[in-house]
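The block underneath contains the structure these notes are about, expressed in structure tokens.
The values are calculated or read from the model by the stated rules, or taken from the named source; none is laboratory data. Only a predicted model underlies this, so the values are computations on that prediction, with no experimental measurement involved. Virtual Cβ from ideal backbone geometry, glycine too; neighbours counted across all protein chains shown. For accessibility, only protein heavy atoms count, side chains too; no ligands or nucleic acids. Shrake-Rupley method; radii C 1.70, N 1.55, O 1.52, S 1.80 Å.
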Amino acid sequence: MLNSHNIEANALNHIGEVYAAMQKPKQALEYFKKGLEVVQAMDLRRTESVILLNLGKAYIALGDPENALSFMMQSTQFARELGDRRIEAESLGCVGMLYRGLNDLKKSRAPFSASLAHCSGNWGKRLRVLLPP
């Protein structure tokens, strides 16, 4: 059920997403951090997981992979605790992309594989075939 705090946090997150899409990661970070404060004060874990992932993406855009990884791993953990396989898979995929961007292909494989494990149906089967052993 949505309450005013969740609506506020989602609005702040969406504004951050707009700045991220405009390739203005510093401004995006400001809104993501404000949204994070709201969700943490109200213990809104699902929304927190989404905002943590967005913070990670913003830090990637700023060239700060250490902070990016920290936020993405927190997002992954929260999503796992909540049983939200979609957010967990997206977070793991972003971790894989981060390692790939750092040219650490060995580290990128595990999060990509874990992300694929959350894909269901024919789509997941097709993706698994594409992943080398």
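Ordering His14, Leu116, Val38 by the projection of their Cα atoms onto the charge dipole of the stretch 7-127, which places +1 on the Cβ of Lys and Arg and -1 on the Cβ of Asp and Glu, puts Leu116 at the extreme positive end.
A Gaussian network model of the chain, with springs between Cα atoms under 10 Å, assigns the largest mean-square fluctuation among Asn67, Asn54, Asn103 to Asn103. Our summary of shape: the Cα atoms of the chain have principal axis extents of 46, 34, 22 Å, ordered from largest down, in whole angstrom.
What is the gain in length, in nm to one decimal, between Ala117 and Glu81 on full extension, counting 0.36 nm per residue of separation less the C-alpha to C-alpha distance?
Values: separation 36, 0.36 × 36 = 12.96 nm, distance 1.64 nm.
The span from Ala117 to Glu81 would gain 11.3 nm if fully extended.
Rounded to the nearest 10 square angstrom, Ser70 shows an accessible area of 50 square angstrom against a 1.4 Å probe. Number of Lys-Lys pairs in the chain with C-alpha atoms under 29 Å apart and a separation of 8 or more places or on different chains: 15.
Sorted by accessible area (1.4 Å probe), largest first, how do Leu92, Leu62, Leu105 line up? Please list the in-between numbers first.
On the way: Leu92 15, Leu62 65, Leu105 105 Å².
The ranking, largest first, comes out as Leu105, Leu62, Leu92.
Using only side-chain charges placed at the Cβ, +1 for Lys and Arg and -1 for Asp and Glu, the dipole size of the stretch 22-116 relative to its Cα centre rounds to 280 debye.
Each label point was placed 7 Å from the Cα along the Cα-to-Cβ direction; for Gln23 and Arg100 their separation is 2.0 nm.
Using heavy atoms of the protein chains and a probe of 1.4 Å, the accessible area assigned to Val18 is about 80 Å². Per residue, the average separation of C-alpha pairs within less than 8 Å and at least 6 apart gives the chain a relative contact order of 15 percent.
In the chain, carbon and sulfur make up what percent of the accessible area (probe 1.4 Å)?
Of the solvent-accessible surface of the chain, carbon and sulfur hold 58 percent.
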